[in-house]
Amino acid sequence: MLVKTILIFLLAMALVGMVGKLLFPNSLPGLGRRKGAFCPDCGRPRIGRGTCDCRRRK
């Protein structure tokens, strides 16, 4: 009985997720890859506001 309840709950949550994705496809735009998060020259992730180490060496 407990397994059946858990399975119904998980199926209901999957259904809610699918309906939410259909109704609001672009509701969370900040979760994608940000443009300035990676160095355009070497592709390494940038931490903070400073420049990448590859530009400092040049």
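Listing for the model above:
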item	result
³J(HN,Hα), Karplus 6.51/-1.76/1.60, whole Hz, each residue of the stretch 43-48, x for Gly, Pro	x, 6, x, 8, 10, x
Nonlocal amide H pairs with residue 38, under 5 Å, H built at 1.01 Å	46
Stretch gain in nm, segment residue 5-residue 22, where the contour uses 0.36 nm per residue and the Cα spacing is subtracted	3.5 nm
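Where a number appears in this text, it was derived from the coordinates with a stated rule and is not lab data. In this text the structure is predicted, and so the values were computed from the model without any measurement.
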